[in-house]
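Trainee: The structure under discussion is supplied below as structure tokens; questions concerning it will follow.
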Amino acid sequence: MDVNQEIKKRIEVLYKKHYTWLLQSAKNITKNQEEAEDLIGDLIIYLMERGTPKIFYKDCLNLMYCYRYLQTRWLNKIIKYNKKKKKESKTRQITFYNFTR
């Protein structure tokens, strides 16, 4: 069996056996159902595109790897959002300053 087929098979097992656990873990990280579901979708896409036999565990994938992916992805999203928000606030301050002169 080729690696891509094996990855797809293991992702299917991950989804069927561990979706509830993944969802609960993602909800604990994000505190939001919708964001948690998006994170799991990102995980599935990531595994489909870049999955490797190094993360195989028994008949599935390494759950701790998946959990760390969810955590890291969420933190990166928050950092990116905060940088964007900070940049927008600086832009507003500059614009406000120019109008008051």
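Trainee: Put a dot 7 Å past each Cα toward the Cβ at Ile79 and Ile45; how far apart are the dots in nm?
Mentor: Taking the simple label geometry, Ile45 and Ile79 are separated by 2.0 nm.
Trainee: Follow-up. So if I restrict to the alpha-carbon atoms in the range 3-100, what is the Rg, and what is Dmax, the biggest pairwise distance, in Å?
Mentor: Radius of gyration, then largest Cα-Cα span, for the range 3-100: 18.5, 66 Å.
Trainee: In addition: List the trypsin sites (Lys or Arg not before Pro) in the range 1-88 that DSSP assigns to loop (not H, G, I, E or B) and whose Cβ has at most 10 other Cβ atoms within 10 Å. Which are they?
Mentor: For trypsin sites (Lys or Arg not before Pro) across the range 1-88 that sit outside H, G, I, E and B with at most 10 neighbouring Cβ atoms in 10 Å, the list reads Lys31, Lys58.
Trainee: Per 0.36 nm of contour for each residue apart, how much would the distance between Lys8 and Asn62 grow if the chain were fully extended, relative to their Cα-Cα spacing?
Mentor: Full extension of this stretch gives 18.0 nm more.
Trainee: Which whole-Hz ³J(HN,Hα) couplings does the range 81-87 yield from phi under the Karplus relation 6.51 cos²θ - 1.76 cosθ + 1.60, θ = phi - 60°, glycine and proline marked x?
Mentor: Per-residue couplings from phi come out as 4, 5, 5, 5, 5, 5, 5 Hz.
Trainee: Determine which lysines satisfy two conditions relative to Lys80: a Cα distance under 20 Å, and not lying fewer than 8 residues away in the same chain.
Mentor: Those lysines meeting the cut-off are Lys27, Lys31, Lys90.
Trainee: Starting at the first residue of the range 8-16, write each ³J(HN,Hα) from the Karplus equation 6.51 cos²θ - 1.76 cosθ + 1.60 with θ = phi - 60°, in whole Hz, x for Gly and Pro.
Mentor: Going residue by residue, I get 4, 4, 5, 5, 4, 5, 4, 5, 5 Hz, with x marking Gly and Pro.
Trainee: Still on this structure, please answer the following. Suppose a student asked you for the relative contact order of the chain, using Cα pairs under 8 Å spaced at least 6 residues apart; what percent would you report?
Mentor: RCO, the chain: 32 percent.
Trainee: With each run of n ≥ 4 DSSP H residues scored as -39500 (n - 2.57), what mean residue ellipticity at 222 nm is computed for the chain after dividing by its residue count and rounding to the nearest 500 deg cm²/dmol?
Mentor: Computed ellipticity for the chain at 222 nm equals -30000 deg cm²/dmol.
Trainee: Applying 1/(1 + (r/R0)^6) with R0 = 22 Å to the Cβ-Cβ distance of Ser89 and Glu35, what FRET efficiency is obtained, to the nearest 0.05?
Mentor: FRET efficiency, Ser89 to Glu35: 0.45.
Readers should treat all values here as calculations from the given coordinates under stated rules, not as data from a laboratory. Please read all numbers here as calculations on a predicted model, not as lab measurements. Ideal geometry is used to build each Cβ from the backbone, glycine not excepted, and the neighbour counts take in all protein chains shown.
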